[in-house]
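Take a look at the structure set out below.
Only the coordinates and a few stated rules stand behind these numbers; no lab work does. Note that the coordinates shown come from a computational prediction; the quantities given were computed from them, not determined experimentally. Neighbour counts are summed over all protein chains in view; Cβ atoms, including those assigned to glycine, are modelled from backbone coordinates with ideal geometry.
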Amino acid sequence: MGWDMTKLDYPNLNRQPCQHQIIPLLDGVAFDDIFTMNPQQSSQWDGLRHFSQTVPGQTQRVFYGGTTSEEITDRKNDRIGLQHWAREGIAGRGVLIDYAAWAEKRGIKYSTFSTHQVRLADIVEIARECNITFQKGDILFVRVGVTKEWDTVMTDAQKQEYSNNPSPLHAGVEGTTDMLRWLWDTGFAAIASDSISWEVYPPQADVFLHEYVLAGWGMPIGELFDLEALARMCQEHQRWSFFVASIPLNMPGGVSSPPNIMAVF
């Protein structure tokens, strides 16, 4: 479920592609490797240090638990860092909402590099058709189709155009108050997708979900997960629930991490 670490090979927002060096040791008797990477450029969990929120009556934005930007940039301070998730892991029952397959069956055409929205009504309908009953503590996965479009449809020129765009467009889950309430009331432990921003970007409605989910609730958000093989397995078994286990990087003060995740049927 982790995408190739070299992708997005044409990232946006001034992020850089992953660089990988192989270093010989002992005249080639052994080798090491060196990774230079921004986890946000490929499959990743957004940690609690990734996104802040506004607070009524205050001018300064804060992160989860009232953590400030000054605390995050102070390298002696590892408050709300990834090390806390790494010690416990992220594990539980995963549930897949395969919006991409559902939309294809209905002739709904869209690019995942647009402001196309997965609406709450769509998720509820897909869950009904697949006999999915959500449970407290579930980890929600929504397949929109980004990795498939990037790998099989887009040309290098289109990828470069996306990378150069100062105002990128990302398909994703709608950012509405109804969606926010549903996520809270359903009791998910984490949410993830193959989309770049999880939610549609730029926001098309009244809510930017990252502010509430990360900075308000402390819930992990996964993005750019490779859900293609998972979707095929779910379709083959006609079962859209499974066990997932993920161990984020044990980096004190870390902001984000590759998911290091697997699904077990």
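Shown in residue order for segment 192-209 are the 3J(HN,Hα) couplings computed by the Karplus curve 6.51 cos²θ - 1.76 cosθ + 1.60 at θ = phi - 60°: 8, 7, 8, 7, 6, 10, 6, 9, 4, 9, x, x, 10, 9, 9, 9, 9, 4 Hz (x for Gly and Pro). With R₀ set to 35 Å, the beta-carbon distance separating Gln135 from Ala229 gives a calculated FRET efficiency near 0.90. With contacts taken as Cα pairs under 8 Å and at least 6 residues apart, segment 1-77 reaches a relative contact order of 21 percent.
Between Lys105 and Trp184, the contour length at 0.36 nm per residue exceeds the Cα-Cα span by 25.5 nm.
The gain in end-to-end length when the Ile23 to Phe243 segment is fully stretched comes to 75.5 nm, 0.36 nm per residue minus the alpha carbon separation.
Considering only alpha-carbon pairs that sit under 8 angstrom and 6 or more positions apart, the relative contact order computed for segment 149-263 is 21 percent. Pairs of alpha carbons in segment 187-237 separated by more than 13 Å make up 65% of all such pairs.
Close amide H contacts of Glu199 (hydrogens built in the peptide plane, cut-off under 5 Å, sequence separation of 5 or more or a different chain): Val173.
Scaled against 2.2 N^0.38 Å for its residue count N, the alpha carbon radius of gyration of segment 1-156 is 1.36. In this Cβ point-charge picture (+1 for Lys and Arg, -1 for Asp and Glu), segment 138-265 has a dipole of about 280 debye about its Cα centre. Pick out which of Ala127, Ala30, Ala171 has the largest mean-square fluctuation in a Gaussian network model of the chain, springs linking Cα atoms closer than 10 Å. Maximum among the listed residues: Ala30.
With θ taken as phi - 60° and the Karplus curve 6.51 cos²θ - 1.76 cosθ + 1.60 applied, the whole-hertz 3J(HN,Hα) list for segment 52-69 is 10, 9, 7, 10, x, x, 10, 8, 8, 6, 10, 9, 3, x, x, 4, 9, 4 Hz, x standing for glycine and proline.
Find the percent of Cα-Cα distances in segment 8-90 that exceed 19 Å, and round it to a whole number.
Values: 2058 of 3403 pairs.
In whole percent, the long-distance tail amounts to 60.
Short-range pairs are left out: with C-alpha atoms under 8 Å and at least six residues apart, the relative contact order of the chain is 31 percent.
Taking the inverse of the mean 1/r over every pair of distinct Cα atoms in segment 124-265 gives a Kirkwood hydrodynamic radius of 16.6 Å. Springs join every pair of Cα atoms under 10 Å in this Gaussian network model of the chain, and among Gly65, Gly254, Gly218 the largest mean-square fluctuation is at Gly65.
Charge dipole of the chain (Cα centre as origin; +1 on each Lys and Arg Cβ, -1 on each Asp and Glu Cβ, all else neutral): 460 debye, rounded to the nearest 20. In this structure, the amide hydrogen of Arg49, modeled 1.01 Å from its nitrogen in the peptide plane, lies closer than 5 angstrom to no residue at least 5 positions away or on a different chain.
Size check on the chain: the Cα extents along the three principal axes, sorted descending, read 58, 50, 38 Å. For Val142, the residues whose amide H sits under 5 Å from its own are Ile97, Ala192, Ser193, Asp194, ignoring neighbours fewer than 5 places away on the same chain, with H placed 1.01 Å from N. Loop-located trypsin sites (Lys or Arg not before Pro) in segment 127-176 (DSSP state not H, G, I, E or B) with no more than 16 neighbouring Cβ atoms inside 10 Å: Lys136. Taking the chain as the region of interest, the number of lysine pairs whose Cα atoms are within less than 20 Å, with members eight or more places apart or on different chains, is 6. In segment 1-51, the inverse of the mean reciprocal separation of distinct Cα atoms equals 12.7 Å; this is its Kirkwood hydrodynamic radius.
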